[in-house]
1. Tell me which residues, restricted to segment 140-153, are modelled with pLDDT under 95 and over 14 Å from THR56 (Cβ atoms).
2. Pull up segment 34-72, narrow it to residues that are of a type in the set (Ser, Thr, Tyr) and out of contact with any Ser or Thr (no Cβ under 8 Å at 6 or more places or on another chain), then point me to the one that is nearest to LYS152 (Cα to Cα).
3. In segment 97-110, how many residues are surrounded by 13 or more Cβ atoms within 10 Å (Cβ to Cβ) and under 16 Å from SER36 (Cβ atoms)?
4. I'd like the full set of residues that are at pLDDT below 50, exposed (fewer than 10 other Cβ atoms within 10 Å of the Cβ) and not in a loop (DSSP other than H, G, I, E, B), limited to segment 24-58.
5. Please name all residue pairs, on different chains or six or more residues apart, with Cβ atoms under 8 Å, provided the first residue is in segment 78-95 and is without any contact (Cβ under 8 Å) to a residue 40 or more places away in the chain and within 12 Å of ARG66 (Cβ to Cβ) and the second residue is hydrophobic (A, V, I, L, M, F, W, C) and assigned to a loop (DSSP other than H, G, I, E, B).
6. Looking at MET125, MET70, MET77, MET113 in this structure, which one is outside any strand (DSSP E or B), on the phi < 0 side of the Ramachandran plot, surrounded by 14 or more Cβ atoms within 10 Å (Cβ to Cβ) and not basic (Lys, Arg)?
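The values are calculated or read from the model by the stated rules, or taken from the named source; none is laboratory data. It should be emphasised that the depicted structure is a prediction, and the values quoted were computed from it without experimental measurement. Virtual Cβ from ideal backbone geometry, glycine too; neighbours counted across all protein chains shown.
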Amino acid sequence: MKKVLGIVFVLLMVMAAVRCSTTKAQNPSPTKSSASPIEGTWELISNYNYDGGEITDTIPLQKGYRQIKMYYNGKVMWTRYVPTDSVEWFGYGSYITTDTTLTEILEYMSSSMRKIANANMEWNMKLQMKKDRYSQIFIDDEGGPISSENYKRIH
């Protein structure tokens, strides 16, 4: 009887080990090498306005203003704090990048954001990516730049 219980125990252990390795093979953990360069946590450092494709204004942030974006595994989450404003600004959704584009599709957002959101809650932007900085550039119907948000990596 002890021999039978020992064999059953060993078989259960082998089956558990096989199942665990199969699950890991089907759902591998993301690695830094396969991650999008935009993955991480970013803080807004400035805004630009454009006219005729040229930067016309650099808009510094007011004291205490803070906007953070986090990208990970195809999901984006952001929040904005404006010390002089009690309105809440935040959103959550998914994102897709190419070498030159960033698309964010929000699934959930603050009521203030919903008031200015487009019908499909999708934003298509030009992406300029550097190692520890990136700019998301909003474009007009002809593909020209309107304004940008410029971020630095904080994690």
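1. Those that are modelled with pLDDT under 95 and over 14 Å from THR56 (Cβ atoms): ASP140, ASP141, GLU142, GLY143.
2. Step one: filter segment 34-72 for residues of a type in the set (Ser, Thr, Tyr), giving 34, 36, 41, 46, 48, 50, 56, 58, 65, 71-72.
Next cut, out of contact with any Ser or Thr (no Cβ under 8 Å at 6 or more places or on another chain) only: 34, 41, 56, 65, 72.
Details: SER34: 21, THR41: 9, THR56: 21, TYR65: 15, TYR72: 16 Å.
Within segment 34-72, the match that is nearest to LYS152 (Cα to Cα) is THR41.
3. Of all residues in segment 97-110, those surrounded by 13 or more Cβ atoms within 10 Å (Cβ to Cβ) come to 97, 101-106, 109-110.
Next, only the ones that are under 16 Å from SER36 (Cβ atoms) stay: 97, 101-105.
Residues flagged as surrounded by 13 or more Cβ atoms within 10 Å (Cβ to Cβ) and under 16 Å from SER36 (Cβ atoms) within segment 97-110 amount to 6.
4. ALA25, GLN26
5. Once the first residue is without any contact (Cβ under 8 Å) to a residue 40 or more places away in the chain and within 12 Å of ARG66 (Cβ to Cβ) and sits in segment 78-95, its partners that are hydrophobic (A, V, I, L, M, F, W, C) and assigned to a loop (DSSP other than H, G, I, E, B) give TRP89/VAL82.
6. Values: MET125 fails: outside any strand (DSSP E or B); MET70 fails: outside any strand (DSSP E or B); MET77 fails: outside any strand (DSSP E or B).
Sole residue among the options that is outside any strand (DSSP E or B), on the phi < 0 side of the Ramachandran plot, surrounded by 14 or more Cβ atoms within 10 Å (Cβ to Cβ) and not basic (Lys, Arg): MET113.
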